[in-house]
Amino acid sequence: MRPARLLALVFLLGSTAASAETVTHQYTVSVDYSMSRLWVEARFSRPVNSVTARSHDAGKYLLDVRSCGEDQQIRMRNQRMMLPQRGISCMNYTVDLKHAAQEHRYDEMLAPQNIIVSPSYWLWRPELRTGTEIQIRFRLPENVQVSVPWQKLAEDGPVYRLAKSPESAFAPAVFGSFDYRELKVPGATLRVSLLSGVEEMDNDSIAQWISATAMDVSLAYGRFPNPSPQVVVIPIGDGRINYRSAVPYGRVIRDGGETVELQVDQSQPLEALLADWTATHEFSHLMLPYIERKHRWISEGFAQYYQNVLLSRSGAYDDLYAWQKIYDGYERGRQSRPELSPNEATTGGMRAGLMKVYWSGAAIALMADVQLRERSGGKESLDVILDRFQACCLPSDRVWSGPELFAQFDELASVPVFEPLYRRFADTAGFPDTSELFERLGLAVSDGKVRIRLLAELRAIRKSILKTNDDAASWREQLAAN
Ligand SMILES: [Zn+2]
C-alpha cells in the first residue's frame, strides 16, 4: 500500500471514529425570581464559530454576550454573533426575558406568575446535526418551574437533552408558577402544564379531560404514539368573550420535541370539553411524523379521519353521528376548489381550498383502511400499519415528504395500498370519490343524510372501524356524569 493510500485510510478511519461519538454541549440556564432576566453559560465540547437563535428577533433581547475565559465581549452584527474564526469553547450571555415574553401572542391572557418564552428567543446554539446534542441544566429560584418539550434526563432536577428535530414552529418554554402534572396513559407519560390565566380554572377537570382524550388516541393501537410529549394548556377565558367552543384552538409543534398546545375556555364545564374534538384531533397528529408543508393535506386528513373514528370508539359519538361527520367533511372537501388537486390546494395558500386540505387525506385514509382490512381478511388495517410505523419510526427527528411516508407504510403492509392511492389522487383535480365505497360499507346517503343499512357487502368492516371500546366508553360516561 502506498503512503498516500495509507494516509487516506487513516483519515477515513479517523473520521468514522469521530462521527460515531456524540458531541454534547453543556448549557446552564438561570432565571431570576421575578423572571426578568435569563443567563446562559454555554460550554462547547469543541470550539464553535457559529451560534444562532431560531428567531431573527432574538438579538433584540440579548443584553450582553462574552466569551468565558478571556471575558471578551462578542460583537453583534445584523442580529448575529460575530465569533472568531478559530471558534470559542465557552460563552456567557444575558437575555431580557421579561420583554421577550411579550413576543408570545397569549402573553396578555396569562396571569403574571407564568410566562411563555420560546427558546427560539433565548437559546443561541450551534447547528444540531445528527450526533450533536445539548444538555441543558436549569438553575431556578424556588418559585420558578420550567416546562420545555425536550427530553427529560433521569438525573435529579430539571436537566434536558436537546437533539436534532424538525422545526415546524417555535416551541413554548413556560417559566414560573403553574400546575405541572404527569398524566399516565398507555405507552406514555404526558408532561402537562396547566397555566394560570385571568380567570380561575378547574385543573382537576382539565386533567381528566386531557387523560380521556389522550386515551382516545391509544384506542388506535393500544398505546399513545409519543412516550413523553409536552402538553401546554392555556386558559383564555376572561369573563368577557363568549367562545362558541370549549377548546377554541389547538396545535401541534415539533421543535426539539413534540408539543400539543391547547387553548381552553375554562368557564365551560367538563362535559363541553369532552364533547369537543380539538384535543383528539391534535393528539391524533402525533401518530404521523412532521410532514412537509406541501403535503400537509396528508397530516390534516389523517387527523380528521382519526378524530371521528376515535371519538366513536371511545363512545363520545355513536356510529351514525361519526359517519355523518365523515360524510359532511368529504362533501365540504368536494365543494372546495374542485379545479385543484390536493397538492395544489395545499401549496396554493388559498383559504378557499382549506376544506380540500383538511378532507382529501381523510378520504384516502378511509380508502386505505378498508382496502387493508379487505385484502388481509381483517389481519391488517390502518391501525396496524400505524402501530408498526410507531415501532419503527416515531418520534422522528426529521421532516418526511408525503410520498416517502406512503412508501414506508407500504413497506410495513403485506400489500401496497398507499403509494397507488397517492399516485391516483395527489395530483388529480377534484376530490377522491368515496361514493362506491360508502355503498359497499352500507352507508346510504339521501338529501345529505347518512343511513346505515343492515345488509351490506362490507358491513363487518364498517362495524370494526368504529367498534366501541367499552372501558373507554364507561370511563367517559362516568366523567361526564360527575
Ligand atoms: Zn390539524
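The values are calculated or read from the model by the stated rules, or taken from the named source; none is laboratory data. Nothing here was measured: the structure is a model prediction, and the numbers come from that model. Positions of Cβ are generated from backbone atoms using ideal geometry, with glycine treated the same way; all protein chains shown enter the neighbour counts. Surface accessibility is based on the protein's heavy atoms, side chains included, excluding ligands, DNA and RNA. Shrake-Rupley method; radii C 1.70, N 1.55, O 1.52, S 1.80 Å.
Some values worked out for this structure:
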| item | result |
| --- | --- |
| Solvent-accessible ranking of TRP323, TRP475, largest area first, probe 1.4 Å | TRP475, TRP323 |
| Isotropic mean projected area of the C-alpha convex hull, the chain (nm²) | 28.3 |
| Residue (of HIS104, ILE291, TYR321) at the positive-pole extreme of the chain, dipole from beta-carbon charges | ILE291 |
| Counting DSSP beta bridges with both ends in the chain, the antiparallel % (nearest 5) | 75 |
| Acute angle (nearest 10 degrees) that the helix 319-335 long axis makes with the longest principal axis of the chain, alpha-carbon atoms | 70 |
| Rotationally averaged projected area of the stretch 341-419 (alpha carbon convex hull; nm²) | 5.7 |
| The stretch 211-325 shape via C-alpha gyration tensor axes, a/c threshold 1.5 | oblate |
| Rounded to the nearest 20 debye, dipole of the stretch 335-482 from Cβ charges on Lys, Arg, Asp, Glu | 440 |
| Above-threshold pairs, the threshold being 20 Å between Cα atoms, out of LYS152/LYS184; LYS60/LYS98; LYS356/LYS467; LYS60/LYS294; LYS325/LYS467; LYS184/LYS467 | LYS356/LYS467; LYS60/LYS294; LYS184/LYS467 |
| Listed residues TRP277, LEU83, ALA365: farthest to the positive end of the dipole of the chain (Cβ charges) | LEU83 |
| The stretch 136-208, accessible area per residue, ligands and nucleic acids excluded (1.4 Å, Å²) | 45 |
| Heavy atoms of ARG388 accessible to a 1.4 Å probe, total area in Å² rounded to 10 | 90 |
| Separation in nanometres of the label points that stand 7 Å from Cα toward Cβ, at LEU455 and LEU394 | 4.0 |
| Accessible-area composition of the stretch 360-482, carbon plus sulfur, in percent [1.4 Å probe] | 48 |
| Contact order relative to length of the chain, as percent, for alpha carbon pairs under 8 angstrom and 6 or more apart | 11 |
| Nearest 10 degrees, 0 to 90: helix 3-20 Cα axis against the chain principal axis | 70 |
| Karplus-derived 3J(HN,Hα), 6.51/-1.76/1.60, for each residue of the stretch 29-39, Hz, glycine and proline x | 10, 10, 9, 7, 5, 8, 6, 9, 10, 10, 10 |
| Rounded to the nearest 20 debye, dipole of the stretch 174-243 from Cβ charges on Lys, Arg, Asp, Glu | 360 |
| Charge dipole magnitude, Cβ of K and R +1, D and E -1 - the chain, Cα centre, debye nearest 20 | 1520 |
| Within the stretch 26-116, chymotrypsin sites (Phe, Trp or Tyr not before Pro) in DSSP loop having at most 14 other beta-carbon neighbours inside 10 Å | TYR33 |
